[in-house]
1. Give me the accessible area of THR283, 1.4 Å probe, in Å² rounded to the nearest 10.
2. Provide the solvent-accessible area of THR8, counting protein heavy atoms only and rolling a 1.4 Å probe, rounded to the nearest 10 Å².
3. Can you quote the Å³ per residue value for the convex hull of the Cα atoms in the stretch 18-138, rounded to an integer?
4. Which percent of the accessible area of the stretch 1-131 is formed by carbon and sulfur heavy atoms (probe 1.4 angstrom)?
5. Could you state how much accessible area PHE5 has, in square angstrom rounded to the nearest 10, with a 1.4 Å probe and all protein chains kept in place?
6. Rolling a 1.4 angstrom probe over the protein heavy atoms, how many square angstrom per residue are accessible across the stretch 30-141?
7. Test of the criteria: in the stretch 113-174, which trypsin sites (Lys or Arg not before Pro) are in a DSSP loop and have at most 13 other Cβ atoms within 10 angstrom of their Cβ?
8. Quick check on packing: order 66-74, 266-274, 214-222 by the mean number of other C-beta atoms within 10 Å, highest mean leading.
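The values are calculated or read from the model by the stated rules, or taken from the named source; none is laboratory data. For clarity, every value in this text was computed on a predicted model and none was experimentally measured. Please note: Cβ atoms are built from the backbone with ideal geometry, for glycine as well, and neighbour counts cover all protein chains shown. We work out accessible area using only protein heavy atoms, side chains counted, and drop any ligands, DNA or RNA first. Shrake-Rupley method; radii C 1.70, N 1.55, O 1.52, S 1.80 Å.
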Amino acid sequence: MDGDFEGTAELHIPGGTSAGSERLTLTSGQIGPQEEEFFGQSHCHWLAAAMSCMTGWDVVGVKLYYPEQGWTAVHTAVAAPDGAVLDIYGRHDSLDAFAERYQKLTGLEVEVRRLPREELFHDHLASTDPSLIDDPLWWTRTDRDRRMPALYQHYARLVLTKAGYEVPEHCRPATKPHANQRHTPAPPSTTATTNPTGGTPAMSSIEEIRAVLAGSNEQAEGVLGALAQASQAASEIQGRLHSVAGGSSQAPVQEALSLYAELCNTVDQLMGMVTAARSAVETYAASL
């Protein structure tokens, strides 16, 4: 729970937000219109789950009654112990104030319910990945883009602190060494390990092995980030080709569209392979 990000994140939202945006740019340390649109009209579930996971607070679900389709879940927030409700738009003094805001915005009948996080997200996960039901960290495991869990944590902390609440110590970002600080490696251990076939010294200690494994997974994070950018770029190219030549029967156009579709699938498969490899390394490190 110590992930974080700095700078900007260019995001592509397949299908768009409820406001219609398919591309948004989030900037660390700020909550502006694009952050509000992403976490208010697309990924509120993930933000609320991150805040609930950090604090243990209940989740608040919002439903609106549409005459033609009945009650529909539209938004998620968290309920603080003092009765306030928090979401990307800030602090609302009470459940009633929170419901009133939605009633004024939409003119529709509103239902607001305060529920344990597991109960509220059950239906969502049952329709997407049932294996994540009752997993409090489900929100870290649903994105192919490995940047996303750090983004969710960053904005969860930002919402909490802007509303005047303290982020639990174990959920704060990992401390980074100062740019001018030199890293002094630890002295080598004098305890040698041996391989099972002949007693040849291997790594000096379990700690060193784990450090190498952790380093490999950090590199894997970079690989996943690069693949995510490649996947997004390929999807964008494919979309542009569709928009200008999707109806064409010419062979070169159809070949290009087919190749880009194949490329997107291949990149997705590669991301799955890297993710599986990272998981295997983590499992091995935990067993040492």
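1. 90 Å²
2. The accessible area of THR8 comes to roughly 90 Å².
3. 125 Å³
4. Within the stretch 1-131, the accessible surface is 45 percent carbon and sulfur.
5. In the full protein context, PHE5 sits at about 30 Å².
6. Normalised by residue count, the accessible surface of the stretch 30-141 is 48 Å².
7. Counting only loop positions with at most 13 other Cβ atoms within 10 Å, the trypsin sites (Lys or Arg not before Pro) in the stretch 113-174 are ARG141.
8. My ranking of the peptides, most packed first, is 266-274, 214-222, 66-74.
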